[in-house]
């Protein structure tokens, strides 16, 4: 998993829950990286799972909720760090439509070894379907990112999650529609 | 009071320290983020450079492919031109042989007349020149045939010892005239019969032998044949002028002679050894040479050995081309005395001539007027009665009305109806007369075609009086 997810996560924890909590969850987890993350590195995704579950223990907030919130935050960070991806789109669905064929293509240029999830998108009259496939259980992160996109474009969107995952592989169909 | 003040000072210091650490942490964090962004932008640049390089490589590869294709096309075109040229040379050589046949035959006929000493001398010059020219043309023809991959090779069983003795005999006179020895050594390991191509083997040894005799003034030349397991080695060694070591490599190369002055002193096309090498290689063998300046040279050809038996063997006397191959070009004799075939052969055959000629009637079929004229004169000189037919159709006509011929001499390459086709028609009409092919082509295919069409024998143009007489006698005797 790319380093940016880890470094942004730690920063968000520091910001929302304080340096102590951040330090504590790092100390309590058994992390091969010892919690020293950089955006350009690549780390085992189970480190994030450990960190999230420790945070959940300490804050008594369900892990899924934490990850969803983190996803929303990540979207804002992406806007700040990679504004070029948001330049030629003016709505949430159009943006989500570019993830697979534009954003991931650019990521792959920088990190040819990155194992990215796939986001097949199909737009319909009322909304769109996004099919998330990944070898890692982070559909909640995807949910947060979608939610964050809607917020960024200032749109009110319903997100339905149909989890069809099996064999430890994520397969989730997101059905998005505009409210009202 | 003082303690409290100290503590407050310590606390203030610690807070200062903490604030400093915080600022430091933030600076480090910012530095890290800068570094991360820098790294990403460098990665992107690297990616883009790689892409450009890849495109460049692809462009280069495409260019290389295009160039390679162009070169291949040019090479194909060059090969095509070379082949066209070889074919042209082959055709030309063939075309030159036809009129040369006329010249040589006329010279042969002149020889039959009673000439004075000076006339005889001039005639000998003309005969020698025409024979030399024929050799040159044959060399060029052979070379172009090899170049065009059209030279035919065959694998037949024959009496090797007999062939070697014939070759030895054919050069003996020439060697004796030069006052040098010519010896033939056949090792006891050499089988009597082998399977190979007797025509090409003769050509190879003739080449070696004529060179050896040409370049040897004292001492002698020996033909040595030895066999070892699967191989047979033919070598021709001389005590001649020898070849400088640095020139040895050039010997078997196309169009190279040891030096230009050699050409002037000794003559020749420079193709003989090239042809020899190609022939031997085509027979799955190899050639080699050893030489020492002013001591002599040793040329050899090593061929795969395949033993045969007398039962399998072809009678070499039936392969008429051999007779042609066996005849080396005679040396120019300006004395006016003829030492060649006439002197050798005429006394033996002159009585036979008289025995057959009054009764034998020959039908000569040839589309070429000069050939007909020469043929007629030659046959008349030998005492035969001759009827001429300018085409296969005319021959068929003549044979359907008259049946007093004893033999037919048939040109093979005639327009409209070839000699082979004419023969087939005649055989279908139950005409059983001996039919002898007359042709400038002597390939294996031609001989097979002649046999298939029902011809009984083969005479290669240009032919000598002695040759045509011998062949005719053989068939008329049988009859």
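Derivation of every value follows stated rules applied to the coordinates shown; laboratory data play no part. Predicted model, so just to flag it, every value in this text is computed and none were measured. Please note: Cβ atoms are built from the backbone with ideal geometry, for glycine as well, and neighbour counts cover all protein chains shown.
Working from the alpha-carbon coordinates of chain A, get Rg over Rh, Rh being the Kirkwood radius. Could you put the intermediate results ahead of the total?
Working: Rg = 16.2 Å, Rh = 17.0 Å.
That ratio is 0.96, to two decimals.
Cα extents of chain B along the three principal axes, largest first, in whole Å?
In descending order, the Cα extents are 167, 59, 48 Å.
What three numbers, in Å, describe the spread of the alpha carbons of the stretch A:3-61 along their principal axes, ordered from the longest?
If we take the Cα atoms of the stretch A:3-61, the spans are 30, 21, 16 Å.
Taking the convex hull of the alpha carbon atoms in the stretch B:1-108, what volume per residue do you get, in Å³?
Values: hull volume 9.5 nm³, N = 108.
For the stretch B:1-108, the hull spanned by Cα atoms encloses 88 Å³ per residue.
Compute the helix-to-body angle for B:419-428: its Cα long axis versus the longest principal axis of chain B, expressed 0 to 90° and rounded to tens.
60 degrees
Computed FRET efficiency, Cβ-Cβ of residue A:28 and residue B:64, R0 60 Å: what is it to the nearest 0.05?
Values: r = 61 Å, r/R0 = 1.02.
Working from the Cβ atoms, E equals 0.45.
Arranged from highest to lowest average of other beta-carbon atoms within 10 Å per residue, in what order do the peptides B:48-56, B:109-117 appear? Walk me through the numbers on the way to the answer.
Working: B:48-56: 10.4, B:109-117: 12.8.
So the peptides B:48-56, B:109-117, ranked by packing, come out B:109-117, B:48-56.
Compute the distance in nm between two label points, each set 7 Å from the Cα along the Cα-to-Cβ direction, one at residue A:102 and one at residue B:292.
Here the answer is 9.1 nm between the modelled labels.
Let me check against my output: what whole-number percent is the relative contact order of chain B, with C-alpha pairs under 8 Å and at least 6 apart?
Once divided by the residue count of chain B, the mean separation gives 14 percent.
Enter the mean projected area of the convex hull around the alpha-carbon atoms of the stretch B:131-223, in nm², rounded to one decimal. Before the final figure, lay out each step's value.
Values: hull surface 28.0 nm².
Computing the convex hull of the Cα atoms and averaging its projections yields 7.0 nm².
Please report the antiparallel percentage of the DSSP beta bridges confined to chain B, to the nearest 5.
Details: 27 of 50 bridges.
Just about 55 percent of them are antiparallel.
For the stretch B:70-149, what mean projected area does the convex hull of the alpha carbons give, in nm²? Provide the component values of the computation, followed by the final result.
Working: hull surface 23.6 nm².
So the Cα hull casts an average projection of 5.9 nm².
Once the Cα atoms of helix B:444-453 and of chain B are each reduced to a long axis, what angle between those two axes, in degrees from 0 to 90 to the nearest 10, is obtained?
50 degrees
Angle between the Cα long axis of helix A:63-81 and the longest principal axis of chain A, 0 to 90 degrees, nearest 10?
Approximately 70 degrees, to the nearest 10.
Above 49 Å lies some portion of the pair distances; for the protein assembly as shown, what is it as a whole percent of all C-alpha pairs? Don't skip to the end; give the middle numbers.
Working: 108395 of 216811 pairs.
Pairs farther apart than 49 Å: 50 percent.
Provide the gained length on full extension for the span residue B:155 to residue B:56, in nm with one decimal, where the gain is 0.36 nm per separating residue minus the Cα-Cα distance. Write down the numbers at each step before the final one.
On the way: separation 99, 0.36 × 99 = 35.64 nm, distance 5.73 nm.
Stretched out fully, the residue B:155 to residue B:56 stretch lengthens by 29.9 nm.
Counting DSSP beta bridges in the protein assembly as shown, what percent are antiparallel, to the nearest 5? It would help to have the intermediate numbers written out before the result.
Values: 50 of 73 bridges.
The antiparallel proportion sits near 70 percent.
Given a cut-off of under 8 Å on Cα pairs at least six residues apart, what relative contact order in percent is computed for the stretch A:3-61? If you can, show how the numbers build up before the last one.
Values: 45 pairs, mean separation 24.8, N = 59.
Over the stretch A:3-61, the number comes to 42 percent.
Relative contact order of chain A, please, whole-number percent, based on alpha carbon pairs below 8 angstrom and at least 6 residues apart.
19 percent
May I ask you to derive the FRET efficiency for residue B:162 and residue B:112 from their Cβ-Cβ distance with R0 = 41 Å, giving the value to the nearest 0.05?
On the way: r = 31 Å, r/R0 = 0.77.
Approximately 0.85, to the nearest 0.05.
Run the quick spin-label model on residue A:158 and residue B:253: label points 7 Å from Cα toward the beta carbon, then report their separation in nm to one decimal.
For residue A:158 paired with residue B:253, the spin-label model returns 9.2 nm.
So if R0 is 30 Å, what FRET efficiency would residue B:361 and residue B:421 give, r being the distance between their Cβ atoms, rounded to the nearest 0.05? Spell out each step's value before the answer.
Details: r = 24 Å, r/R0 = 0.79.
My answer for the efficiency is 0.80.
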